[in-house]
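Worksheet: the structure to be examined is printed underneath.
No value in this document is a laboratory result; all are computed from the given coordinates. Quantities reported herein were computed from a predicted structural model and do not represent experimental measurements. Reconstructed Cβ throughout: ideal geometry from the backbone, glycine too, with neighbour counts over all protein chains shown.
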Amino acid sequence: MTITEAKVATELTELEVYDVVIMGAGFAGNCQARHLMLNIPGIKVAIIDPRSPERDGKDLKVGESLVEITAMFLIKELGLSEYLIENHSPKYGLTFHWPKDSSDTQTIDDYHHIWVNGSPTIESFHLNRAKFERDILKMNQEMGATFYNGRVVDLDLTAEDELHTVHIKLGDSKIALQAKNLIDGAGRRFLIGKKTDNLIFDFDTDKLGGLNTGAAWLRVKNIDPKIFDQGYDPSLRGASRYYTTHHWFGKGHWLWMLPINTEERELSIGITHHKNVIPSKDINTVEKVKSFLKANHSLLAELIEGGDLVDFNYLPRLAHMSKKLFLRIIGMSWVMLLLCLTHFTLLGWF
Ligand SMILES: Cc1cc2nc3c(=O)[nH]c(=O)nc-3n(C[C@H](O)[C@H](O)[C@H](O)COP(=O)(O)OP(=O)(O)OC[C@H]3O[C@@H](n4cnc5c(N)ncnc54)[C@H](O)[C@@H]3O)c2cc1C
């Protein structure tokens, strides 16, 4: 069931109480909900997210290359094997490219490479995130979860085993839900982290180990993938290298590239840069990224020019950290443990 503003006015009169309230219906929130419902029959789960459950084509997120252990989790624990094969691009391992001479990057043979020769023994995938989240949310609702299409605006956290309260804004209406167990799946909004003053976002100190990075990324469709299978001995394997997660390197930056939509030949391309070497102002618009690519990876600039731009994003602050890894356990410890496992095993960058 989906609860919208209109439903609040007509149907919700009392404070709703759930076993678990999940704040955020992204990758983590949706996977967590499915895992709980598959393992604890009858559990009462609420999921909250301001994004439309339809997730149209513009609702695009990064985080599409699954590490193999995540793919195993989705296949074995969440039962999504057929779903992934039928709906998302395969991932045939990783490929790494370094320019032999950074001023000469016109062809794939201008790079040194490391790549896999065969298909990995464990299946993995490149996710189309909007599609994945839309589909798993729908499956969760079919399994009994209630979806609140609104935004969490505040939390009242209480002592262990008491009910916590989550305040939600649905359009112009406000409601509150209660549960012993809260899951923060709101990504970089860090709802519980902010409420408990547990975050480090400090770039002037060594607290983040010197990490001072930003990221720009874009999606391009209708590209011509021929560069991936030219040059560097493509005959050694059956599958096209187009379906590997590509990593390209240069001074002060690392660039990833992966296919997320086979029908429209859509690529997700992003650059992570160290701001001491490449300042944000040099890379924070699509035109600047194109110029950067022309100067540093001209074959990729050409690839992008040959396709149709879908979207562009720039994130000036990438790194963050928690002051404490484990906070006071809120509610039953197993739920927090599952949350930690979800965050730390599923959501690495690869
Ligand atoms: C540039 C970049 C590249 C990356 N590449 C990869 C990669 O290749 N592979 C990989 O595994 N990971 C990658 N990641 C990491 C990955 O994107 C994140 O770890 C992942 O998106 C986190 O998922 P999540 O569900 O925790 O958060 P999100 O996907 O951000 O979902 C959070 C959800 O919470 C909702 N929300 C926000 N505020 C509220 C609120 N107040 N109330 C209710 N809901 C709210 C949002 O609408 C959203 O749907 C990358 C990250 C970045 C920035």
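Couple of notes before you dig in:
- Spin-label pair residue 308/residue 85, simplified geometry with 7 Å Cα→Cβ offset, distance in nm: 3.2 nm
- Of all aspartates and glutamates in the structure, the ones whose alpha carbon falls short of 20 Å from that of residue 169, not counting any fewer than 8 places away in one chain, are 5, 11, 14, 16, 49, 54, 154, 156, 184.
- Within the chain, percent of DSSP bridges classed antiparallel, to nearest 5: 70 percent
- Based on C-alpha pairs under 8 angstrom that are at least 6 apart in sequence, the stretch 47-143 has a relative contact order of 41 percent.
- Here the 3J(HN,Hα) profile of the stretch 189-201, calculated from phi with Karplus coefficients 6.51, -1.76 and 1.60 at θ = phi - 60°, is 6, 6, 4, 6, x, 6, 4, 9, 6, 10, 10, 10, 10 Hz, Gly and Pro shown as x.
- Projecting the Cα atoms of 182, 139, 26 onto the dipole axis of the chain, where Lys and Arg carry +1 and Asp and Glu carry -1 at the beta carbon, places 182 farthest toward the positive end.
- Where only DSSP H runs of four or more residues are counted, the chain gives -6500 deg cm²/dmol as its mean residue ellipticity at 222 nm, each run worth -39500 (n - 2.57).
- Exceeding the 24 Å Cα-Cα cut-off - candidates 251/281; 76/226; 91/251; 44/324; 251/294: 76/226; 91/251; 44/324
- Relative to the Cα centre, the charge distribution of the chain, modelled as +1 at Lys and Arg Cβ and -1 at Asp and Glu Cβ, gives a dipole magnitude of about 600 debye.
- Close amide H partners of residue 111, meaning residues 5 or more places away or on another chain with modelled amide H under 5 Å apart, are 100.
- Rounded, prolate or oblate (a/c below 1.5 giving rounded, otherwise prolate when a/b exceeds b/c) for the chain by Cα gyration tensor: prolate
- The stretch 253-298 versus the stretch 153-200: alpha-carbon centroid distance in Å: 35 Å
- Listed by chain and number, the aspartates and glutamates placed with their C-alpha closer than 15 angstrom to that of residue 58 are 133, 264, 266, 308, 311; residues fewer than eight positions away on the same chain are left out.
- ³J(HN,Hα), Karplus 6.51/-1.76/1.60, whole Hz, each residue of the stretch 267-281, x for Gly, Pro: 10, 9, 10, x, 10, 9, 10, 8, 6, 6, 9, 10, x, 3, 5
- Candidate cross-link partners of residue 323 among the lysines, defined by an alpha-carbon separation under 16 Å and a same-chain spacing of 8 or more, comprise 194, 195, 207.
- Rounded to whole Hz, the Karplus (6.51, -1.76, 1.60) HN-Hα couplings of the stretch 168-183, x for glycine and proline: 10, 10, 10, x, 8, 8, 10, 9, 10, 10, 10, 6, 6, 10, 10, 10
- Taking 0.36 nm per residue of separation and subtracting the Cα-Cα distance, full extension of the segment from residue 294 to residue 117 would add 60.8 nm.
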